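See below for the structure under consideration.
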Amino acid sequence: LTEELGRAGVPQVYDNRLAAPAMMVWATEEQKKRFLPLINKGEVITWQAFTEPDVGSDAASIKTTAIRDGDDFIVNGTKVFIGGPFPGDYLWTTAVTDPNAPRHQNMGAFYIPTNLPGISYSDMELIVNNGKHFIYYDNVRVPGEYLIGGERDGWRVAQTSLEIEHGAGGNIGEGG
C-alpha cells in the first residue's frame with residue numbers, strides 16, 4: 001500500500017506507519033478497534049516520541065517516567081526530534097514504568113493524546129526546517145487505556161515499531 005501511494009504521489013505520514021504495526025501485535029482488541037481505523041484512514045497524525053536529549057541511540061536508557069496512580073499513569077520527561085510537517089494528535093511514546101525492574105523490562109509504551117494537560121512543545125531550530133520539536137511531559141495524567149501492551153512490555157512494543165522503521169518490513173519509503 002505504501003509503495004502504491006508513493007507512486008501516486010500521495011504524501012505519507014511516516015510515524016503513523018510505525019505505531020500501527022506495533023498496535024496490531026500488542027494492543028488489546030478494544031484498542032485495535034479504537035485506534036487502528038483512525039490511523040489507517042489518516043484521520044489522526046501520530047508522532048513517534050522515543051528519542052530523548054541525553055540518551056542518544058540507546059533507547060533503553062530513557063529517563064521519561066510513567067508512574068502508576070490508580071488506573072492512570074503520571075508521565076514526566078522530555079523527548080526530542082519529534083514531529084513532522086503536520087500537527088500531531090497522538091504521541092507514540094515509551095516511558096519507565098518500573099524504575100526498579102531490570103533494563104528492558106522497566107518500561108511501557110503509550111499512545112498519548114496530545115491535548116492532555118501538561119504536554120508542551122518547543123520548536124527545534126535545525127538547518128532543515130522539518131517540523132521537529134522538543135516534547136515536554138509535566139505531570140501528564142494518562143489514563144491506563146492508552147498503555148499498549150503490558151506495563152513492563154514497552155521495550156518489546158517499541159522494538160516492533162523500530163523493526164519496521166529500520167527496514168524489516170520491506171520498503172517503507174515512498175515510491176519503489
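The values are calculated or read from the model by the stated rules, or taken from the named source; none is laboratory data. Computed from a predicted structure; not experimentally measured. Note that each Cβ is placed from the backbone with ideal geometry, even for glycine, and that neighbours are counted across all protein chains shown. We work out accessible area using only protein heavy atoms, side chains counted, and drop any ligands, DNA or RNA first. Shrake-Rupley method; radii C 1.70, N 1.55, O 1.52, S 1.80 Å.
See the values below:
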quantity	calculated
Looking only at segment 76-88, and only at residues there that are in contact with a strand residue (DSSP E or B) (Cβ under 7 Å, 6 or more places away or on another chain) and within 19 Å of residue 44 (Cα to Cα), the one that is modelled with the lowest pLDDT	84
Considering residues of segment 128-171 that are out of contact with any strand residue (DSSP E or B) (no Cβ under 8 Å at 6 or more places or on another chain), under 22 Å from residue 60 (Cα atoms) and of a type in the set (S, T, N, Q) only, the residue modelled with the lowest pLDDT	160
Sole exception among (1) of a type in the set (Asp, Glu); (2) closer than 21 Å to residue 42 by Cα; (3) modelled with pLDDT of 90 or more for residue 174, by number	(3)
Test: residue in segment 90-100 that is touching a residue at least 12 places away in the same chain (Cβ under 8 Å), farther than 18 Å from residue 136 by Cα and surrounded by fewer than 22 Cβ atoms within 10 Å (Cβ to Cβ)	yes
Test: residue in segment 127-147 that is open to solvent by less than 20 Å² (accessible area, probe 1.4 Å), among the aromatic types (Phe, Trp, Tyr) and within 26 Å of residue 21 (Cα to Cα)	yes
Some residue of segment 58-78 being in a loop (DSSP other than H, G, I, E, B), surrounded by 13 or more Cβ atoms within 10 Å (Cβ to Cβ) and touching a helix residue (DSSP H, G or I) at 6+ places or on another chain (Cβ under 7 Å)	no
